[in-house]
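Trainee: Just dropping this structure here.
The values are calculated or read from the model by the stated rules, or taken from the named source; none is laboratory data. None of the values given here were measured: they were computed from a predicted structure. A quick note on method: Cβ atoms are made from the backbone with ideal geometry, for glycine too, and the neighbour counts reach across all protein chains shown. Heavy atoms of the whole protein, side chains included, go into the accessibility calculation; ligands, DNA and RNA do not. Shrake-Rupley method; radii C 1.70, N 1.55, O 1.52, S 1.80 Å.
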Amino acid sequence: FPEGWTSRQMASLLETRGVCSAAEFLAVVTKENREGFLFPDTYFFEQGMAAETLVARLVERFRERVPKDFKEQARALKLSYGQLVTLASIVEREARVSSERPLIAGVFYNRLRKRWYLESCATVEFALGAWKPRLTYKDLAVESPYNTYRHSGLPPGPICNPGAAALEAAAHPAKTDMMFFVADGSGTHRFSRYYKDHLAVQKNK
């Protein structure tokens with residue numbers, strides 16, 4: 001399972017490989033509220049395994065790989081454990097290169113602290129039910145508690161299942177005064193402190 005996959009993507013692969021039906025897997029994930037806690041890794045499963053066993057295995061791996069100080073860092077950042085996992089899931093979907101993960105986490109943390117909208121395109125994509133290379137203004141207006149362009153703070157829960165690096169970045173965000181970032185088309189981002197600079201970067205993309 002690659003980093004950043006949703007439980008639906010995992011369920012589809014499990015069904016394709018004959019391990020478990022997608023519906024049964026998703027039913028357990030939903031019942032136990034495990035989106036975000038299904039650790040992306042390489043697993044060896046037998047065909048016909050019970051969905052409960054599969055979910056438990058993924059969650060157990062999450063507990064093994066989550067940073068040891070995750071709970072303490074959540075408290076230090078004034079977030080709940082679940083909220084920090086949610087932040088990690090957003091960082092996972094927004095970052096394209098590993099070196100930027102802590103900085104992206106730092107930007108989102110700054111926005112949370114200032115009570116700004118997160119304005120994460122990744123959360124809008126989750127609300128739409130599809131990852132898209134470019135969002136339209138109509139997409140940004142979608143009504144969903146996961147649309148962080150319309151609703152302040154973190155969304156209700158994780159938007160994917162983050163890997164170890166994203167969990168680490170969310171728990172230890174870079175100390176930065178940057179408040180904005182935008183993809184530069186090469187897989188990395190341009191970061192800005194002020195809105196006028198952010199607009200200039202967007203104009204010159």
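Trainee: Filter the range 32-56 down to residues that are charged (D, E, K, R) and surrounded by 15 or more Cβ atoms within 10 Å (Cβ to Cβ) and give me whichever is nearest to the chain's Cα centre (by Cα).
Mentor: So in the range 32-56, the residues charged (D, E, K, R) come out as 32, 34-35, 41, 46, 52.
From what's left, surrounded by 15 or more Cβ atoms within 10 Å (Cβ to Cβ): 34-35, 41, 52.
Values: Arg34: 13, Glu35: 10, Asp41: 16, Glu52: 23 Å.
Looking at the filtered set, the residue picked out is Glu35.
Trainee: Examine the range 110-129 for a residue that is modelled with pLDDT under 95, among the aromatic types (Phe, Trp, Tyr) and out of contact with any Ser or Thr (no Cβ under 6 Å at 6 or more places or on another chain), and state whether such a residue exists.
Mentor: Within the range 110-129, one or more residues are modelled with pLDDT under 95, among the aromatic types (Phe, Trp, Tyr) and out of contact with any Ser or Thr (no Cβ under 6 Å at 6 or more places or on another chain).
Trainee: Quick check on the range 58-89: of everything there that is open to solvent by 90 Å² or more (accessible area, probe 1.4 Å) and either among the basic types (Lys, Arg) or in a loop (DSSP other than H, G, I, E, B) (or both), which residue is nearest to Leu167 (Cα to Cα)?
Mentor: Arg65
Trainee: Say whether the condition of being among the hydroxyl-bearing types (Ser, Thr, Tyr), open to solvent by less than 90 Å² (accessible area, probe 1.4 Å), in contact with a Cys (Cβ under 8 Å, 6 or more places away or on another chain) and not in a helix (DSSP H, G or I) is met by at least one residue in the range 12-31.
Mentor: no
Trainee: When both residues are 6+ apart or on different chains and their Cβ atoms are under 7 Å apart, which pairs have a first residue that lies in the range 110-139 and is within 17 Å of Ala88 (Cβ to Cβ) and without any contact (Cβ under 8 Å) to a residue 24 or more places away in the chain, and a second that is part of a helix (DSSP H, G or I) and aliphatic (A, V, I, L, M)?
Mentor: Here the result reads none, with nothing in the range 110-139 linked to a residue that is part of a helix (DSSP H, G or I) and aliphatic (A, V, I, L, M).
Trainee: Out of all the residues in the range 67-114, which are closer than 13 Å to Pro158 by Cα and among the small types (Gly, Ala, Ser)?
Mentor: Ser80, Gly82, Ala88, Ser89
Trainee: So Arg61 passes all but one of these: (1) touching a Phe, Trp or Tyr at 6+ places or on another chain (Cβ under 7 Å); (2) under 22 Å from Phe126 (Cα atoms). Which condition number does it fail?
Mentor: Checking Arg61 against (1) touching a Phe, Trp or Tyr at 6+ places or on another chain (Cβ under 7 Å); (2) under 22 Å from Phe126 (Cα atoms), the one that fails is (2).
Trainee: Could you figure out which of (1) open to solvent by less than 80 Å² (accessible area, probe 1.4 Å); (2) more than 18 Å from Ala88 (Cα to Cα); (3) of a type outside the set (Phe, Trp, Tyr) isn't true of Glu143?
Mentor: (1)
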